[in-house]
1. Conditions: (1) crowded, with 17+ Cβ neighbours inside 10 Å; (2) in contact with a Pro (Cβ under 7 Å, 6 or more places away or on another chain); (3) farther than 23 Å from Glu33 by Cα. Asp128 meets all but one. Number of the miss?
2. So, of the residues in segment 618-643 that are farther than 18 Å from Glu667 by Cα and of a type outside the set (Val, Ile, Thr), which turns out to be most open to solvent (accessible area, probe 1.4 Å)?
3. Does segment 62-119 hold any residues that are in contact (Cβ under 8 Å) with a residue 40 or more places away in the chain, within 21 Å of Thr181 (Cα to Cα) and among the charged types (D, E, K, R), and which are they?
4. Against the condition part of a loop (DSSP other than H, G, I, E, B) and farther than 30 Å from Ile606 by Cα, how does Val537 come out, does it pass?
5. Within the set of pairs 6 or more residues apart or between chains, which connect a residue that is farther than 20 Å from Asp441 by Cα inside segment 327-356 to a residue that is aromatic (Phe, Trp, Tyr) and open to solvent by 50 Å² or more (accessible area, probe 1.4 Å) with Cβ atoms less than 8 Å apart?
6. Being farther than 25 Å from Pro564 by Cβ and either open to solvent by 20 Å² or more (accessible area, probe 1.4 Å) or in a strand (DSSP E or B) (or both) is the filter here; which residues of segment 494-511 pass it?
7. Among the candidates Val300, Val345, Val339, single out the residue that is among the aliphatic types (A, V, I, L, M), more than 30 Å from Ala405 (Cβ to Cβ) and part of a helix (DSSP H, G or I).
8. Regarding Arg471, is this residue in a helix (DSSP H, G or I) and open to solvent by 60 Å² or more (accessible area, probe 1.4 Å)?
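The values are calculated or read from the model by the stated rules, or taken from the named source; none is laboratory data. The model shown is predicted, which means the values in this text are computed figures rather than measured ones. All Cβ positions, glycine included, derive from the backbone under ideal geometry; neighbour counts span all protein chains shown. Calculation scope for accessible area: heavy atoms of the full protein, side chains included, ligands and nucleic acids excluded. Shrake-Rupley method; radii C 1.70, N 1.55, O 1.52, S 1.80 Å.
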Amino acid sequence: MTTRLSFIILLLAFYSTNGNAQDYDFGKVSKAEIEQAVHSTEPEANAAILYREVKTKFSQSADKGFYTETDVFERIKIYNKDGFDYATKGIRLYQGKSNNSDDVQGLKAIIFTLEEGKIEKEKLKNSDVFEEKMSEYIEIMKFTMPNVKPGDVIDIKYTIRSSFISNIDEFQLQEKIPVDTYNMSFSAPEYFVYKMHQKGFLPFKVIRSSKNRKMRYSYNESSGTGSNGNWSVKSGKTIQDEISFKENVYSINQTGIPSIKNEPLSGNLDNYIAGLKLELSYTSFPNGGVDYYATTWDDVCKTIYQSSNFGGELEKTGFLKNEMAAILGDAVSREEKIVAVFEYVKKKTAWNENYGVYAREGIKETFKKSVGSAGDINLLLVAMLREAGVNANPVLISTVNHGIAVFPTLNGFNYVICGVEEQNNVILLDATGDNAPDILDRNLLNWQGRLIRKDGSSSWVPLVPRSPAVRNAILMYEIDTDQVVTGKMQKRFTGHFAANFRESYKNLTSDETRKQLEEYAVDSELNEVEIKYLDDVYKPVQYRSDFENTSAVEEIGGKLYLSPLLFLATEENVFKAETRELPIYFGYPQKGISLVTITLPEGYKIESLPESISLALGDDKGSYKFIISEVTGKIQLSVDNSINQHIFLNSDYENLKQFYELIVKKENEKIVLSKV
């Protein structure tokens, strides 16, 4: 009786557990899924991944050798119009030579909607699918589901066949929207040994197991199978056989995955999204040797440099022999030569918006046509500087959007710039834009790059400037008898602050410039605006203007109240949350200095001033000084705010939050003036 009762209890428990688990079949969507108005755990979500399944296994053929087949099935829920972007899907495909390019098979997609209580569905048409070339080696297959409406559910299913078995795409668990259920498996024959790399802040468990498997195996009689990873077939009779082997399986089964939140100053969220990367360590075939694939960054850089489209291009400089004298002009010193060549390439060439580390057109063709990719333009810059006798070398970069490579791989970089080595420093040059030396576009400030020298050696170089970007401001104003503030303002920007200013204002008319500047000078009217060095990247940007403000002074009970910094004051602390998960990314070191001189209105005296303070973040990470005093009948204020590093750990968050809370409070305190 006891045994029978125990069996019944276990049986009930089994059905109870499995009854709560939903089965997902492509094309079978429930009415409840469409009617769901908000997400159960994140009601603010615009969309959600209800289910994602990614299963990768190995197959083999005589013409392709071993390759992977990845079956993908996902179900997406759209909650509102802001979630419509998730009705567009992009599938990343690597492009190689001959038959080695990725291809998509069996693409199917259906959108389900509720019309008068009845489920209606519409299938994706072939005409809605198109390909977008991202670089020489990457294409994106894209499509958008038609007639999307809030509440719709989308099923997507496809298979990717890939010969790039050493470059397995990341298995990404997390998204910017919640993922209810995520199931993945990666099954590799015992001949292929992979190393795991987990990333992100979300913990997840990878289950490792193994099983026996049989596979039909084809090879060409004349070329053999080899043991060095080259399974291409040249000619001869194709032999088919069946092989048995052990299959190693990596799997993840996770539910209730929260969305990654875009916290203020987060940088690139993709660097922190939970995911699994698999690196091919080595291969070991029966009756064959062991071939190692796991490598170092030195090996990666040597391979890149030895490419005919990289290092080979840097040797093709014969066409420059008769050009350099005119390009250099009167330049004699190394610094003069760097500027002359850098400015020539910037003005000579136009960037076609294509990334990549290799030359596509070639540096000679780029010089001739005056247009090229980042690889074409910056390798041309390296070659020309070398012709000028400057020790210039390429610097490989992974852009912010590309993320940070988890392990050494040829695909770890997607951009190249030029570096000129000097004592204890490397001058960084990117000729695709119009910035000064050492001022890289924000998308390039991704930690560090890899400089490659002629002799094949390479080393990491920091991409973030050592010197801070500086924003100086001077205010000199007076308060008249009607409590109107009138005065003069001067500002000066260096480094990335100057680059940002130029980018924002270089194409504006004078009237547009004044209006945009007034948006930052809150409640003030600007006149006589003058900007200097907007087109000269080698000088700080400067601008001056007169201003008038009628709302800065408040009169209460015969006393005047005024925040001395006016529109320069920090109004809001961006760090509001109680806790922080992600690092804090400022982009580059920065410094702000404000000097204010206030002439008192006639008939008034100082009753009280805010107290001067000095704040410091630990380990010289940042500082703040607010020094105010009365000097010969005027109020003088000096504010100095420094952030000395470009990124902070989330463990620094509480200190940063309190730091800015004190700054906001201090800069909004009032001067009190009373009648004499």
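1. Condition (1) is where Asp128 drops out.
2. If we take residues in segment 618-643 being farther than 18 Å from Glu667 by Cα and of a type outside the set (Val, Ile, Thr), then Asp619 is most open to solvent (accessible area, probe 1.4 Å).
3. Scanning segment 62-119 gives Asp71, Glu74, Arg75, Lys77, Lys89, Lys108.
4. In short, yes.
5. Within 8 Å, the pairs are Ile327/Tyr344.
6. Matches in segment 494-511: Gly495, Asn500, Arg502, Glu503, Ser504, Lys506, Asn507, Leu508, Thr509, Ser510, Asp511.
7. Every option except Val339 fails the conditions.
8. No; evaluated as a whole, the condition is false for this residue.
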